[in-house]
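Q: The structure follows.
Every number here is computed from the coordinates shown, using simple stated rules; none is lab data. All values reported here derive from a predicted model rather than from experimental measurement. Backbone-built Cβ (ideal geometry, glycine too); neighbour counts: all protein chains shown.
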Amino acid sequence: MNASTTRLKIWDLPTRLFHWVLVVLVGLAWWSVSVHNLTLHRICGSLVAGLLAFRLWWGLFGGSTARFAAFLKGPGAVLSYARGLFGHAEPAAGHNPMGGWSVAALLSLLIAIVGFGLFAVDVDGLESGPFSNLVSFEVGRTASHLHDLMFDGLKLLVLVHLAAILFYAVVKREGLVRAMVDGKKPLPETATPLAPARIWALIVGLVIGAGVAAVLIRLSN
Ligand code: HEM
Ligand code: HEM
């Protein structure tokens with residue numbers, strides 16, 4: 001870190017908690033199907049749904065760096081960032097223009113997994129999502145296949161996610177993981193730090209997230 005660099009706060013606690021709880025719950029959801037514990041699976045999935053509902057809200061009303069408008073940039077910004085990737089571009093005070101779209105892809109895949117899971121039914125009709133009774137058995141099976149297919153896509157994207165983080169650590173010497181843990185990143189003093197969200201936005205987001213999770217857990221089991 002040189003003299004004009006300081007560790008600036010860029011990620012608020014809700015965004016960091018969202019990320020690490022999400023990692024644990026996706027892992028648990030994966031493990032629970034592998035041991036055929038579908039009750040636990042639906043609970044984890046419903047909690048993931050609650051987290052995603054919270055994150056969508058937080059993308060609109062959360063801290064400045066968590067907002068979609070802050071990190072979903074147009075093709076011009078993405079291309080010019082990509083061209084300078086191996087150069088000495090300043091580290092981003094949030095998601096960079098390329099990373100921003102990979103975050104959008106990760107969130108979209110997770111939403112698709114949860115959405116299809118709600119309608120999924122297994123081959124003998126014994127295990128099902130809470131909304132599977134609203135559709136035919138065939139549609140439920142298609143939902144189940146898509147649920148599985150989207151999860152394959154997520155696994156692939158998480159590998160890319162981890163490779164990108166490794167690239168930043170090794171090639172660009174940027175500790176993204178530490179920043180996702182303590183919220184702070186070494187940045188030029190002139191960089192824009194996080195502007196925290198209003199407390200009402202956090203309370204409403206928590207109510208929405210908890211409400212979605214609670215309703216789905218209740219309907220699922
Ligand atoms: C991040 C969240 C989730 C992940 C990673 C996930 C992953 C998976 C995987 C890998 C399977 C096995 C698919 C197969 O091999 O057939 C599965 C099956 C299943 N999931 Fe999920 N799931 C998630 C959320 C949900 C949710 C929210 C529900 C419904 C509340 C759900 C309901 C089911 C059901 C009913 C099956 C059995 C379908 C079958 O065996 O064909 N899942 N899930
Ligand atoms: C199930 C596996 C994972 C999923 C689904 C996932 C998903 C995500 C998502 C959605 C974000 C955006 C955060 C936000 O703005 O809300 C993100 C960012 C991030 N994730 Fe993960 N993640 C996974 C595993 C990991 C692991 C294992 C690590 C650490 C080794 C990690 C490190 C990070 C870091 C450092 C960022 C911030 C990147 C940046 O600075 O732009 N992730 N991840």
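Q: Quick one: putting +1 on the C-beta of Lys and Arg, -1 on the C-beta of Asp and Glu, what dipole do you get for the chain around its Cα centre, in Debye to the nearest 20? Walk me through the intermediate numbers first.
A: Working: 17 positive and 11 negative charges, 166 e Å.
Dipole of the chain, to the nearest 20 debye: 800 debye.
Q: By how many degrees, 0 to 90 and rounded to 10, does the Cα axis of helix 13-34 deviate from the longest principal axis of the chain?
A: Value to nearest ten degrees: 40.
Q: Take the chain, compute every pairwise Cα distance, and split them into 10 Å bins from 0; I just need the percent in each bin.
A: Bins of 10 Å from zero give 8, 30, 32, 20, 9, 2, 0 percent of pairs.
Q: With loop defined by DSSP as not H, G, I, E or B, and exposure as at most 12 other Cβ atoms within 10 Å, which is the longest segment of the chain clear of exposed trypsin sites (Lys or Arg not before Pro)?
A: Working: sites that count: R173, R198.
Counting at most 12 other Cβ atoms within 10 Å as exposed, the longest clean stretch of the chain is 1-172.
Q: Mind putting a number on the dipole of region 39-141 about its Cα centre? Charges go on the C-beta only, +1 for Lys and Arg and -1 for Asp and Glu, and I need it in Debye to the nearest 20.
A: On the way: 6 positive and 5 negative charges, 92 e Å.
With only Lys, Arg, Asp and Glu charged at Cβ, the dipole is about 440 debye.
Q: Round to a whole angstrom and tell me the spacing of the C-alpha centers of region 157-194 and region 83-152.
A: For region 157-194 versus region 83-152, the Cα centre distance is 24 Å.
Q: Give me the aspartates and glutamates in straight-line cross-link reach of K73: C-alpha distance below 20 Å, same-chain residues under 8 apart excluded.
A: Answer for K73, where 20 Å is the Cα cut-off: E90, listed by chain and number.
Q: Could you work out how far helix 199-220 tilts from the main Cα principal axis of the chain, as a 0 to 90 degree angle to the nearest 10?
A: 30
Q: With everything on Cα atoms, drop me the angle between helix 137-170 and the longest principal axis of the chain, reported from 0 to 90° to the nearest 10.
A: 20
Q: Given only helices, namely DSSP H runs of n ≥ 4 each adding -39500 (n - 2.57), what is the per-residue ellipticity at 222 nm of the chain, to the nearest 500 deg cm²/dmol?
A: -22000 deg cm²/dmol
Q: Among V21, L206, A70, whose Cα projects farthest towards the positive end of the dipole of the chain, with charges put on the beta-carbon of Lys, Arg (+1) and Asp, Glu (-1)?
A: Result: A70.
Q: Just want to confirm a number: the relative contact order over region 12-220, from Cα pairs under 8 angstrom separated by 6+ residues, in percent. Kindly include the intermediate steps, with their values, before the conclusion.
A: On the way: 220 pairs, mean separation 63.2, N = 209.
Normalised by residue count, the contact order of region 12-220 is 30 percent.
Q: Follow-up question, since we're still on this one. Long-range amide H contacts for L8: which residues qualify at under 5 Å (H placed 1.01 Å from N, peptide plane, sequence gap of 5 or more or a different chain)?
A: Amide H to amide H, under 5 Å and 5 or more residues apart or across chains, L8 pairs with K185, L187.
Q: Got the relative contact order for region 114-183 handy, in percent, Cα pairs under 8 Å and 6 or more residues apart? Before the final figure, lay out each step's value.
A: On the way: 56 pairs, mean separation 16.3, N = 70.
Answer for region 114-183 is 23 percent.
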